[in-house]
Amino acid sequence: MYFLDFHNHTNHSFDSQAVMEEVCKVAIGKGLNEICFTEHYSLNPKAPTYGHIDLNNYLSDLNSCQLKFQGEIKIKKGIEICEPHLLKEHYSKTLKPLELDVILGSVHNISNNKLRKRLEVQQEKAYMEYFQEVYEMVKEADIDIVAHLDLMKRYAHKVYGTYDFIEHREMIEIILSKIIDRNIGIEINTSGLRTSLNETLPSIDVIRLYKKLGGEILTIGSDSHEPDSIGSYVKEGIKLAKEFGFNYIFSFEKRKPIPIKI
């Protein structure tokens, strides 16, 4: 089986100290065939991700690793944009010349406040507000994959619990339908399996509904922020995809989805 991990961070992201070369070595040691680095990026000065990444340094490191590990592992070039729908034209102007392989879109902030902060204010309405913001993103942002679609639960589950899927199903279905209509994909983000959350992001109910609605474009990502986490639970993620009837997971090259039989 072909193993790939399409969501990873290094010290080019504000919340990681991982060195890219070390991440690649660990990935090779774990038997991964392909990885993609998806560093956090934001042009919003009010977002915590703003101002950290130097794109030239990131691309230099990535090109160096591609050359160094050529023939041992495929290394793809990606980015994760927080709230990409808010500054769409600015992102397009900045990122288009980079010829990225994939762009992940995510909601980490609402009204320029971190999700954890919005949770303190909104409490029981936080999930509703979060899913509404995700819909605004998928409606118009220039992205390829929606990262960790139900991310709010990462911050809410210890205090408020995970959300009731039935309660939010209508909105989630609207989100997924728009994703499918726009030929965007979702990921099975396995980071929750490494924590007390103990489930994927999104949940299996969301993945099942995505398939039922006709969704096909699906990536697997560990969301690693340190070398040892790369590839973590990706085999389980692939197995889960297969159990729900997916015949392929996807790689990307120059923003074109590439199906890989599973």
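Pairs Lys76/Lys178; Lys68/Lys235; Lys93/Lys125; Lys158/Lys212; Lys211/Lys256: which are spaced more than 28 Å apart, C-alpha to C-alpha? In this structure, Lys93/Lys125; Lys158/Lys212 lie more than 28 Å apart at Cα. Using a Gaussian network model of the chain in which every pair of alpha carbons under 10 angstrom is joined by a spring, one finds that among Lys30, Lys76, Lys93 the greatest mean-square fluctuation is at Lys93. Relative to one another, the C-alpha centroids of segment 196-210 and segment 1-28 are positioned 23 Å apart. Within the straight-line cut-off of under 20 Å between alpha carbons, the aspartates and glutamates reachable from Lys242 are Asp5, Glu34, Glu187, Glu199, Asp205, Glu216, sequence neighbours fewer than 8 places apart in one chain being disregarded. Note on Glu136 and Tyr2: the extension gain reaches 44.8 nm, defined as 0.36 nm multiplied by sequence separation minus the Cα-Cα distance. Using Cα pairs under 8 angstrom and six or more residues apart, how large is the relative contact order of the chain, in percent? This gives 22 percent for the chain.
Over segment 123-262, Cα pairs under 8 Å with separation of 6+ residues give a relative contact order of 20 percent. Relative contact order of segment 31-140, taken over Cα pairs closer than 8 Å and 6 or more residues apart, is 27 percent. Taking the DSSP bridge list for segment 1-120 and keeping only pairs wholly inside it, about 10 percent are antiparallel. Label zone (Lys261, point 7 Å along Cα-to-C-beta; backbone nitrogen cut-off 14 Å) within segment 1-33: 1-2.
Rank Ile220, Ile110, Ile143 by mean-square fluctuation in a GNM of the chain with C-alpha springs under 10 angstrom and give only the top-ranked residue. With Cα springs under 10 Å in the chain, the top fluctuation among Ile220, Ile110, Ile143 is at Ile110.
Calculated from the structure, log10 I(q)/I(0) by the Debye sum over Cα atoms at q = 0.08, 0.11, 0.14 Å⁻¹ equals which of [x] -0.36, -0.67, -1.03; [y] -0.41, -0.69, -0.94; [z] -0.28, -0.55, -0.92? Recomputing log10 I(q)/I(0) by the Debye sum over Cα atoms at q = 0.08, 0.11, 0.14 Å⁻¹ here gives the entry labelled [z].
Taken together, the values in this text are just the output of simple stated rules run on the coordinates, not laboratory data. From a predicted model like this one, the values you see are computed outputs, not experimental measurements. Counting neighbours? That spans all protein chains shown, and the Cβs are built from the backbone with ideal geometry, glycine included.
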